[in-house]
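This report refers to the structure that appears directly beneath it.
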Amino acid sequence: MSERTNFTQTRGAFIVVEGLDRAGKSSQCEHLRDYLQELGHAVKYIRFPDRTTAIGKLIDGYLRGQSQLDDHSIHLLFSANRWEIARLIEEDIANGITVIVDRYSYSGAVYSAAKGNPSLSLDWAWQPEIGLPRPDTCLFLRISPGEAAKRGGFGVERYENEPMQSRVRELFQTLFDLQPNGDTQFIDAGRSFQEVSEEIRGKAADCIARVGIIGPLRKFASIPA
Ligand code: NYM
Ligand code: MG
């Protein structure tokens, strides 16, 4: 037996925050990061699309309407943008860093499938996500169409219009119903910022505490057709 102490560090948690445009994801994620940091956790916050990479710049141009791309092509670029960062997420988590991710594969599959292209089903859209790191939990910030409208008009980017958002809303539900039980937790994001952030903090803390029980970071599998 080696006399070296067998010190096994607990891995970080992988927490995804999802929701429609205007649900408050980014401000809640930043708030959660600051809160966990104050508690002494090692934590990183990243968002998809990551518009800083070469692939991300293509995505940015497409979202701003500066380029036209085939629906399948842009879909695969969004996925490639996750694959190019996935290794870093895995490394951080292995090093004990909790990673908070603002939008992930769920947005990826749902927004593309919501375009109504007959050759781009939800099932097709999910395929390139298989094998990516699977979150320990996905917190879905739920907001009603009425509340979203109250929060001001849509932005100028592609997809930021009411017909698209209502299809996205339905498809998120369809996709979450197909995910493994307990992966997704729904949060009523129509309440005050503070009420929502308190619930997020509690669920994030539970998730971090459960990492030892979950075991190693898992990977996405196919969804039942
Ligand atoms: N979006 C985001 C996709 O269509 N596919 C994806 O894989 C991801 C991550 O990009 N309307 C869409 C959803 C949003 C848009 O995201 C930009 P954000 O979080 O608004 O910057
Ligand atoms: Mg947006």
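Calculate the translational D of segment 10-214 in whole µm² s⁻¹ from Stokes-Einstein, where the hydrodynamic radius comes from the Kirkwood formula applied to all Cα pairs, the temperature is 25 °C and the viscosity 0.890 mPa s. Please report the intermediate quantities before stating the final value.
Numbers: Rh = 17.5 Å.
In µm²/s, the coefficient is 140.
Within segment 17-43, what residues put their amide N at less than 20 Å from the label point 7 Å along the Cα-to-Cβ vector of E198?
Residues passing the 20 Å test: 24-25, 27-39.
Can you work out the accessible area per residue across segment 178-225, with the rest of the protein chains kept in place, probe 1.4 Å, in square angstrom?
Computed with neighbouring chains in place, this is 56 Å² per residue.
With the convex hull built on the Cα atoms of segment 66-170, state its orientation-averaged projected area in nm². Each step should come with its number before you reach the end.
Details: hull surface 31.7 nm².
Taking a quarter of the hull surface, the average projection is 7.9 nm².
Percent of accessible area on segment 69-225 owned by carbon and sulfur, 1.4 Å probe?
Ligands and nucleic acids excluded, carbon and sulfur reach 56 percent.
Which far-off residues, 5 or more places away or on another chain, put their amide H under 5 Å from the one on T98, with H placed in the peptide plane?
A13, A42, V43, K44
Count the lysine pairs in the chain whose Cα atoms lie under 18 Å apart, taking only pairs 8 or more positions apart in sequence or on different chains. It would help to have the intermediate numbers written out before the result.
Values: K25/K44; K25/K150; K25/K203; K44/K203.
Counting lysine pairs in the chain gives 4.
For segment 111-167, what is the Kirkwood hydrodynamic radius in Å, using each pair of distinct C-alpha atoms? Walk me through the intermediate numbers first.
Numbers: mean 1/r = 0.0721 Å⁻¹.
In segment 111-167 this quantity evaluates to 13.9 Å.
Do you know the relative contact order of segment 81-141, to the nearest whole percent, from alpha carbon pairs under 8 angstrom that are 6+ apart?
On the way: 26 pairs, mean separation 18.4, N = 61.
Relative CO of segment 81-141 lands at 30 percent.
Compute the distance in nm between two label points, each set 7 Å from the Cα along the Cα-to-Cβ direction, one at N95 and one at L39.
In this crude label model, N95 to L39 measures out at 2.2 nm.
Cβ neighbours within 10 Å, averaged per peptide: list 42-53, 94-105 in order, most packed at the top. Mind showing how you got there, number by number?
Working: 42-53: 16.5, 94-105: 20.3.
Result, highest mean Cβ count within 10 Å first: 94-105, 42-53.
Got the relative contact order for the chain handy, in percent, Cα pairs under 8 Å and 6 or more residues apart? Show your work: numbers first, answer last.
Values: 325 pairs, mean separation 71.6, N = 225.
Normalised by residue count, the contact order of the chain is 32 percent.
The values are calculated or read from the model by the stated rules, or taken from the named source; none is laboratory data. What you see is a predicted model; the values in this text were computed from it and never measured. Positions of Cβ are generated from backbone atoms using ideal geometry, with glycine treated the same way; all protein chains shown enter the neighbour counts. Remember, those area values only see protein heavy atoms, side chains included, never the ligands or the DNA or RNA. Shrake-Rupley method; radii C 1.70, N 1.55, O 1.52, S 1.80 Å.
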